[in-house]
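Comments concern the structure below.
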Amino acid sequence: MSKISIPCELIGLAYEERRELPFVLLREPQSGKVVSFPVNHAEASSIIFGAEGIRGPQPGIHDAFIQFFVNHGYKADYVYIWGDGDTHFYGYLKYHARFVSHRLEMNPADAISLAIRFKVPIMVDETLLAHMPDRDKKEQEAGFSFQQVLVFDHPPVSWVS
């Protein structure tokens, strides 16, 4: 049985003060439903750097990874995010070289960082999207709320053409 994936867009990062964690915010454009999951501070920084087109004096790991891919003839197709919608989230990068397709599993924050830099779609498992509660309900049940939100008001910048 094949899983159904829904394209989503990165809309920003939110900060939850009680747990002191940033959350990635992905939105399904047609329904407006939002998928959020926690990431650590370094992962959030990498997502911000990618989305804003910020480069350090030397390439970071995601940039080096992309250089390796491009230099060796690999092409990224999309990233895929799935999980239980509560505490477990996973990701992978789908890519190919010539006629052979590959899948590289990674944490979802790294998948998002690579999607930004590769300019590939972020696909979310339909089941995960369906199980995400409305934000207000999720906040009430979990006892937290987002205190600060960084919204990317433009499409994320990408470095791979």
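The values are calculated or read from the model by the stated rules, or taken from the named source; none is laboratory data. Keep in mind it's a predicted model, so treat the numbers as computed, not measured. Ideal geometry is used to build each Cβ from the backbone, glycine not excepted, and the neighbour counts take in all protein chains shown.
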Practice prompt. For residues that are touching a residue at least 24 places away in the same chain (Cβ under 8 Å) and assigned to a helix (DSSP H, G or I), tally how many sit in region 61-86.
Written response: 6
Worksheet item: How about region 74-99: which of its residues are farther than 20 Å from V24 by Cβ and modelled with pLDDT of 95 or more?
Response: Y74, K75, D77, Y95, H96
Worksheet entry | Conditions (1) in contact with a helix residue (DSSP H, G or I) (Cβ under 7 Å, 6 or more places away or on another chain); (2) of a type outside the set (G, A, S); (3) not in a strand (DSSP E or B): number failed by Q58 | (1)
Item to complete: Quick one: K119 ticks every box in (1) at pLDDT 90 or above; (2) in contact with a strand residue (DSSP E or B) (Cβ under 8 Å, 6 or more places away or on another chain) except a single one, so which number is it?
Response: (2)
Worksheet item: Is it the case that S36 is closer than 22 Å to S5 by Cα and in contact with a strand residue (DSSP E or B) (Cβ under 7 Å, 6 or more places away or on another chain)?
Response: yes
Worksheet item: Can you pull out the residues in region 73-115 that are of a type in the set (G, A, S) and surrounded by fewer than 20 Cβ atoms within 10 Å (Cβ to Cβ)?
Response: G73, G83, G85, A97, S101
Worksheet item: Where residues in region 1-55 are assigned to a helix (DSSP H, G or I) and in contact (Cβ under 8 Å) with a residue 40 or more places away in the chain, which of them is surrounded by the fewest Cβ atoms within 10 Å (Cβ to Cβ)?
Response: E52
Discussion item. Could you check region 92-112 and list, in sequence order, the residues that are touching a residue at least 24 places away in the same chain (Cβ under 8 Å) and either in contact with an Asp or Glu (Cβ under 7 Å, 6 or more places away or on another chain) or closer than 13 Å to F37 by Cβ (or both)?
Written reply: Y95, N107, P108, A109, D110, A111, I112
